[in-house]
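Enquirer: The structure is given below, and queries will be raised subsequently.
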Amino acid sequence: MTTELSGRRVALVGGAGFIGHNLALHLHGLGAEVHVVDSLQVNNLGAFTHGLDQNPNARLYIEFANQRLDLLRRAGIPLHIVDARDYQLLSRHLSEIQADVVVQLAAVAHANRANKDPYSTFDHSMRTLENALDSVRERKTHFIFFSSSMVYGNFGNAAAKETNICEPMGIYGALKLAGEHLVKAYQQVFGVPYTIIRPSALYGERCVSRRVGQAFIENALRGNAITVNGDGSDQLDFTYIGDLVQGVTLCITREAARNETFNLTYGSARSLNQMADLLRQRFPTVTVTHHPRDALMPERGTLDISKARTLLGYEPAFPLERGYLQYIDWYLGLAKEDPKLFGH
């Protein structure tokens with residue numbers, strides 16, 4: 001795959017985030033010329049240093065954000081500090097980069113947060129998307145848009161397929177689906193080739209979104225109980241960042257990815273109780289408390305990844321037993337190096 005990416009220029013809008021920096025490092029390692037475009041405000045340094053709210057995890061997440069930037073710097077990956085909501089500034093930088101592929105990652109990356117602050121979610125999702133699309137329409141740059149499994153709404157009993165009718169619940173899923181339609185419209189009107197990616201329940205090193213698996217580990221490290229919303233039977237298609245990055249790389253290099261939508265997950269849902277059981281392998285004394293289930297969170301499950309397997313050769317390698325335990329061990333290593341990060 002190195003030869004396919006050598007000399008390819010890739011711009012990642014929102015590329016200093018959790019997905020973005022991991023993708024940037026991977027693509028760079030395969031020979032691509034990667035540019036990261038990011039304001040460092042959303043789910044990044046700015047979110048934890050502004051002092052307007054007292055986030056109990058601020059010190060830890062500032063450490064993660066700095067680790068990301070340090071890894072990018074050491075790899076020699078250029079960082080363009082640009083607010084993607086600023087059309088003139090974003091278009092100027094993308095014009096100078098002259099990318100072969102633009103990956104749109106800029107967004108509020110959390111459904112609960114989106115419902116609490118719809119304006120900001122729109123501002124950082126739809127406005128940034130429209131700016132990026134308009135900046136590449138003349139060059140007809142391959143545009144990769146990160147959507148979400150939240151566009152499906154309730155999955156029902158069967159695995160969610162890309163052909164399902166989408167009925168999202170809440171602000172986050174609705175904006176993601178609107179984004180998909182906008183991306184397709186730019187292809188119809190201006191001939192901009194696209195690939196739409198629908199991930200689900202991502203986890204991995206240096207994430208700051210505090211999704212469920214991350215919250216479990218951080219609470220356990222601090223000696224606190226872990227909290228499960230509902231009875232723990234809810235199932236999610238937990239996906240390790242390494243599998244997603246492999247899938248996105250295939251979307252960049254495979255012609256068959258053009259003008260297609262793909263589920264990119266592990267492809268097998270697991271329950272919150274199963275995740276808690278894995279946590280107990282490292283923290284045998286951890287206790288579990290239950291809270292009421294969030295009514296705005298759809299009942300999800302497995303995403304069907306057969307299309308990505310067939311068209312792209314996508315083959316995930318990190319079942320929860322492998323990926324989640326690796327993630328826990330990474331945290332344990334951090335706690336050993338700097339116990340103060342976890343209040344010890």
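Enquirer: Is it true that some residue in region 288-300 is of a type in the set (A, V, I, L, M) and in contact with a strand residue (DSSP E or B) (Cβ under 7 Å, 6 or more places away or on another chain)?
Expert: Taking region 288-300 as the starting set, the residues that turn out to be of a type in the set (A, V, I, L, M) are 288, 295-297.
From what's left, in contact with a strand residue (DSSP E or B) (Cβ under 7 Å, 6 or more places away or on another chain): 288.
Yes, the conditions are met somewhere in region 288-300.
Enquirer: Go through (1) touching a residue at least 60 places away in the same chain (Cβ under 8 Å); (2) in contact with a helix residue (DSSP H, G or I) (Cβ under 8 Å, 6 or more places away or on another chain); (3) not charged (D, E, K, R) and name the single condition Q274 misses.
Expert: Status for Q274: all satisfied but (1).
Enquirer: Name the single residue, out of those in region 300-344 being within 25 Å of N57 (Cβ to Cβ) and aliphatic (A, V, I, L, M), that is surrounded by the most Cβ atoms within 10 Å (Cβ to Cβ).
Expert: Of everything passing the filter in region 300-344, L320 is surrounded by the most Cβ atoms within 10 Å (Cβ to Cβ).
Enquirer: Taking the conditions exactly as written (outside any helix (DSSP H, G or I), open to solvent by 20 Å² or more (accessible area, probe 1.4 Å), out of contact with any Asp or Glu (no Cβ under 6 Å at 6 or more places or on another chain) and more than 30 Å from G7 (Cβ to Cβ)), does N219 satisfy them or not? Even if it seems obvious, please write down each step before you answer.
Expert: Numbers: outside any helix (DSSP H, G or I): no; open to solvent by 20 Å² or more (accessible area, probe 1.4 Å): yes; out of contact with any Asp or Glu (no Cβ under 6 Å at 6 or more places or on another chain): yes; more than 30 Å from G7 (Cβ to Cβ): yes.
Considered against the rule, which asks whether it is outside any helix (DSSP H, G or I), open to solvent by 20 Å² or more (accessible area, probe 1.4 Å), out of contact with any Asp or Glu (no Cβ under 6 Å at 6 or more places or on another chain) and more than 30 Å from G7 (Cβ to Cβ), N219 comes out as no.
Enquirer: Same structure, new question: How about region 238-274: which of its residues are open to solvent by 20 Å² or more (accessible area, probe 1.4 Å) and assigned to a loop (DSSP other than H, G, I, E, B)?
Expert: Across region 238-274, the qualifying residues are R254, R258, N259, Y266, G267, S268.
Enquirer: Take the residues in region 130-168 that are open to solvent by 50 Å² or more (accessible area, probe 1.4 Å) and within 20 Å of the chain's Cα centre (by Cα), then tell me which one is farthest from L105 (Cα to Cα).
Expert: As a first pass, look at region 130-168 and keep what is open to solvent by 50 Å² or more (accessible area, probe 1.4 Å): 130, 137-140, 154, 156-158, 161, 163-165, 167.
Right, trim to within 20 Å of the chain's Cα centre (by Cα) and you get 130, 161.
Values: E130: 13, K161: 22 Å.
Per the stated criteria, the residue is K161.
Enquirer: Can you report the number of residues in region 307-327 which are part of a helix (DSSP H, G or I) and either of a type outside the set (S, T, N, Q) or within 20 Å of the chain's Cα centre (by Cα) (or both)? Lay out the reasoning, then the answer.
Expert: Initially, region 307-327 is screened for residues part of a helix (DSSP H, G or I), giving 307-312, 320-327.
Those still in the list that are either of a type outside the set (S, T, N, Q) or within 20 Å of the chain's Cα centre (by Cα) (or both) too: 307-309, 311-312, 320-327.
Final tally of qualifying residues: 13.
Enquirer: How many residues, within region 284-299, are in a loop (DSSP other than H, G, I, E, B) and either under 26 Å from the mean Cα position of the chain (by Cα) or exposed (fewer than 14 other Cβ atoms within 10 Å of the Cβ) (or both)?
Expert: Number satisfying all stated conditions: 11.
Enquirer: Are any of the residues in region 202-216 open to solvent by 10 Å² or more (accessible area, probe 1.4 Å), touching a Leu at 6+ places or on another chain (Cβ under 9 Å), in a loop (DSSP other than H, G, I, E, B) and not polar (S, T, N, Q)?
Expert: Yes: region 202-216 contains one or more residues that are open to solvent by 10 Å² or more (accessible area, probe 1.4 Å), touching a Leu at 6+ places or on another chain (Cβ under 9 Å), in a loop (DSSP other than H, G, I, E, B) and not polar (S, T, N, Q).
Enquirer: Among the residues of region 224-237, which ones are crowded, with 17+ Cβ neighbours inside 10 Å and either among the hydrophobic types (A, V, I, L, M, F, W, C) or part of a strand (DSSP E or B) (or both)?
Expert: I226, V228, Q235, L236
Enquirer: Now a separate question. Within region 64-82, can you find the residues that are more than 20 Å from Q214 (Cβ to Cβ) and not charged (D, E, K, R)?
Expert: Residues satisfying the conditions are L72, A75, G76, I77, P78, L79, H80, I81, V82.
The values are calculated or read from the model by the stated rules, or taken from the named source; none is laboratory data. Computed from a predicted structure; not experimentally measured. No Cβ is skipped: glycine too gets one built from the backbone with ideal geometry, and neighbour counts run over all protein chains shown. Areas reflect the complete protein model, heavy atoms only, side chains present, ligands, DNA and RNA absent. Shrake-Rupley method; radii C 1.70, N 1.55, O 1.52, S 1.80 Å.
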